Amino acid sequence: MEMIVKDGFDGLSMQKLAKAAEVSPATIYIYFKDREDLILQVFEEVNGEMLKATIKGFDPDMDFNEGMKVQWFNRAEYFTKHQLEVQFFEQLRYSPLYDKTISIASKAFGESMSKFYHNAIDRKDLLPLPFEVFWATAFAPLYQLVKFHTQGRSYVTKNFRLTDEMMEQTLKLVLKALKP
């Protein structure tokens, strides 16, 4: 991950990785078919950890407001503590491997989020929106706050630190925007 984040996908070769790990390139090929296989296996492991952290204490049958709060705080905690992994995900997002990563992503996570989304619509806690509109409205504000936090600055504040109060204030506005 470090090599990819620092040097991009073109900066990762099995030879460079072997040298950094102080092993023979042949050793790496025992575990990975090729460079793409290595990247996808790393993604699968890290993605599983992220999804597990995201749904800690979450139940798709939760009240919509509470479920969103749990997810916001879980996501913020994971993303602020695992910046290397987040940068790795971002690089994959804009790479030719992105379609393959989608097929690896947890179906259980997708099913849980879909159930949560549809439960909220059924209970009239959420406007019926295309899923992508819901997702962008529900989580983009959080991700921008986390980005400010990890960069240590916003567009106007030099020493920006995300607080629980800021997250709750922003989440309140998001929930208001998503209500019928």
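Observations, loosely collected:
- A search for C-beta distances below 8 Å between a residue of the range 1-25 that is closer than 11 Å to residue 88 by Cα and free of Cβ contacts under 8 Å to residues at least 60 places away in the same chain and any residue that is aliphatic (A, V, I, L, M) and part of a helix (DSSP H, G or I), counting only pairs 6+ apart in sequence or on different chains, returns 3/17; 3/20.
- Residues in the range 26-37 that are without any contact (Cβ under 8 Å) to a residue 24 or more places away in the chain and part of a helix (DSSP H, G or I) were compared, and the one that is nearest to residue 47 (Cα to Cα) is 37.
- Of the residues making up the range 42-70, those that are touching a residue at least 60 places away in the same chain (Cβ under 8 Å) and assigned to a helix (DSSP H, G or I) number 6.
- Criterion: assigned to a helix (DSSP H, G or I), of a type outside the set (Ser, Thr, Tyr) and within 19 Å of residue 46 (Cα to Cα) - qualifying residue of 134, 89: 89
- Residue check for residue 170: modelled with pLDDT under 95, touching a helix residue (DSSP H, G or I) at 6+ places or on another chain (Cβ under 6 Å) and on the phi < 0 side of the Ramachandran plot: no
- Only one entry of 176, 124 meets the criterion of being farther than 23 Å from residue 47 by Cβ, at pLDDT 95 or above and in a helix (DSSP H, G or I), and that entry is 176.
- Qualifying residue in the range 137-154 (condition: surrounded by 14 or more Cβ atoms within 10 Å (Cβ to Cβ), outside any helix (DSSP H, G or I) and touching a residue at least 12 places away in the same chain (Cβ under 8 Å)): no
- Restricting the range 155-167 to residues that are of a type in the set (A, V, I, L, M, F, W, C) and at pLDDT 95 or above, the residue that is surrounded by the fewest Cβ atoms within 10 Å (Cβ to Cβ): 166
The values are calculated or read from the model by the stated rules, or taken from the named source; none is laboratory data. All figures in this text were calculated on a predicted structure; none of them were measured in a lab. Reconstructed Cβ throughout: ideal geometry from the backbone, glycine too, with neighbour counts over all protein chains shown.
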